[in-house]
Amino acid sequence: MRFSKVLCALIVATPLLVTLGLGAAPASAAECPELSGIDVPGAAMQKQACLSDLTTAGTTESGHTNTQDWSGLHADGTENPTGVPGAQIDGYFPDTSRTNTNNGWLHDSQFVIRLPKDWNGKLVVSGAPGVRGQYANDFIIGDWVLDRGYAFASTDKGNTGVGFYRDGGAPGDAIAEWHTRVTELTKATKQVVAEYYGKPARRTYMTGISNGGYLTRWALENRPDLYDGGVDWEGTLFRAEGPNLFTYLPDALKHYPTYAATGDKAARDAIIAAGFPADSEFLWQYHYAVYWDLTQRIYREEFDPDYDGPLDAGVPFCQSGTPSCDADYDYLARPERVREAVGRVSNTGKIGRPMITLHGTLDTLLPISTDSDVYRELVEDTGQARSHRYYVVEDGNHVDGLYDDHPDRLRPILPCYRTAFVAMERWVEKRRQPAQNGTIANPGSGDIVNSCALPR
């Protein structure tokens, strides 16, 4: 297991103190004449640049991205386009929290807007996965959609890092702010696009991975007036009555140490019974060390800070029986106010625009059986099944970066995401129905890092 993968884990990645060289290596300003006088509505800070390449190949060199935001989210060998000239606007909206260190600003609610020279008339909006910064989707989403002519905007969601829960005054406030920030950015970017190109976007799509997938679900449930469709890549499921992170992570934390030490069958069975996929045992050590413990503690602190009293997000890697240990957390036994806090940000499944959901069978952070399987049921229960497609990716994990360590047991989801995005476009724009719900089989051979076919 490469140590860098541990440092760059999706949920736990902490933004580094990075000052981006926003004026470094720009293309000639004459190539972006429309940029003069463009303002992002409501922004408290904004900096503009005309770049010869808006993709990560160019922005890594020019200093207009943060590689730590997106490191570890894709498999080695992923082929991305390059050479997309255009304008970039970096900035932030008014906010009181100071967790995001990108650009040296020490200010949250940071965003990035990219405007390609050859625009296709459409816009893609996204929110960062995990607790990463606004550049987290640059490689896995931004490069590809920019090359296809889309304007692209992404937000840090209003708070970042492993202490994100300190934002806000009441349980659930930090996550509720995510909704405000993605809505704010969408509205502002629509205006920027209309001013920059001289006409409004014909289509606006919402998309994202993990917490960005959650925001895609939320946006199409609550603000369908702003979007035409979306692709949800393994979105986090919040449900007041469960399942949610707190109904299965404590079981993993409680039983994994015994399983790791002795191979105890009862401990293994308890983890699987909590929802984790069978045959995912080879991933458990990594997830225990990187994901399970920290994810449980910081998200539990967001919704239930009283559980551990004066402690700040509990005791790392505590063993069952330790006072206030998250391994013994019993969500359903907690006071009603905890479920009310989760209820503030819960998904409903009542989407108002076409959406495609993808989820991997070996997701060992957000198990498919306690997440997207349940979300599909919510969609059906609200009568919106005709507006939804659900594709299960065989052997897909939560982060494609782990494929590099287990190429014989995992497959990347990114190429399937791209295929699904094209299917969503055709669904919205040409009324071509996507393939029915089904499983995307792992072919086990060929270039699975860069190719994927939807079910037939």
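No lab work stands behind these numbers, since they all come straight from the coordinates. This is a predicted model, so every value here is computed, not measured. Glycine also receives a Cβ, built like all others from the backbone with ideal geometry; neighbour counts cover every protein chain displayed.
Data overview
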read-out: Backbone N under 17 Å from the K430 label point (7 Å along Cα→Cβ), restricted to region 193-220; value: 203
read-out: Computed over region 69-222, the ratio Rg/Rh where both radii use C-alpha atoms and Rh is Kirkwood; value: 0.96
read-out: Helix 414-430 vs. the chain, principal-axis angle (Cα, 0 to 90°, nearest 10); value: 60
read-out: Eligible lysines near K122 by straight Cα distance, threshold 16 Å, same-chain separation 8 or greater; value: K187, K190, K199, K430
read-out: Estimated 222 nm signal from helices in the chain, with DSSP H stretches of n ≥ 4 weighted -39500 (n - 2.57), rounded to 500; value: -9000 deg cm²/dmol
read-out: Residues with amide H under 5 Å from that of K117, placed H, sequence gap 5 or more; value: G86, A87
read-out: Two-decimal Rg/Rh across region 245-343, once Rg and the Kirkwood Rh are taken from alpha-carbon atoms; value: 0.97
read-out: Translational D in µm²/s for region 178-328 (Stokes-Einstein at 37 °C, 0.692 mPa s, Kirkwood Rh from C-alpha pairs); value: 183
read-out: With Cα atoms, 0 to 90° folded angle of helix 372-381 axis to the chain main axis; value: 80
read-out: Angle in degrees between helix 293-303 and the longest Cα principal axis of the chain, rounded to the nearest 10; value: 80
read-out: Inter-centroid distance (Cα atoms) of region 368-417 relative to region 118-145, Å; value: 19
read-out: Overall Cα dimensions of the chain - principal axes, largest extent first, Å; value: 67, 51, 43
read-out: Hz values of 3J(HN,Hα) by residue in region 181-186 - Karplus curve (6.51, -1.76, 1.60), Gly and Pro given as x; value: 6, 6, 5, 4, 5, 4
read-out: Amide H partners (placed H, <5 Å) of V393, local residues excluded; value: H359, G360, T361, I440
read-out: Centre separation in Å (Cα based) which lies between region 288-337 and region 195-266; value: 20
read-out: Using alpha carbons only: equivalent-ellipsoid semi-axes of region 193-264, gyration tensor based, whole Å; value: 41, 13, 7
read-out: Cut-off 11 Å (backbone N to label point 7 Å along Cα→Cβ of E394), residues of region 427-456; value: 439-445
read-out: Whole-Hz ³J(HN,Hα) from phi, Karplus 6.51 cos²θ - 1.76 cosθ + 1.60, for region 246-263, glycine and proline x; value: 7, 9, 10, 4, x, 5, 5, 5, 6, 9, 4, x, 5, 4, 5, 7, 10, x
read-out: Computed log₁₀ I(q)/I(0) - Debye formula, equal Cα scatterers, no solvent, region 391-456, q 0.27 Å⁻¹; value: -1.18
read-out: Farthest toward positive dipole pole in the chain [+1 Lys/Arg, -1 Asp/Glu at C-beta], among G91, L402, Y205; value: Y205
read-out: ³J(HN,Hα) computed for each position of region 114-125 - Karplus, 6.51 cos²θ - 1.76 cosθ + 1.60, integer Hz, glycine/proline x; value: 10, 10, x, 4, 9, 8, 8, x, 10, 9, 10, 10
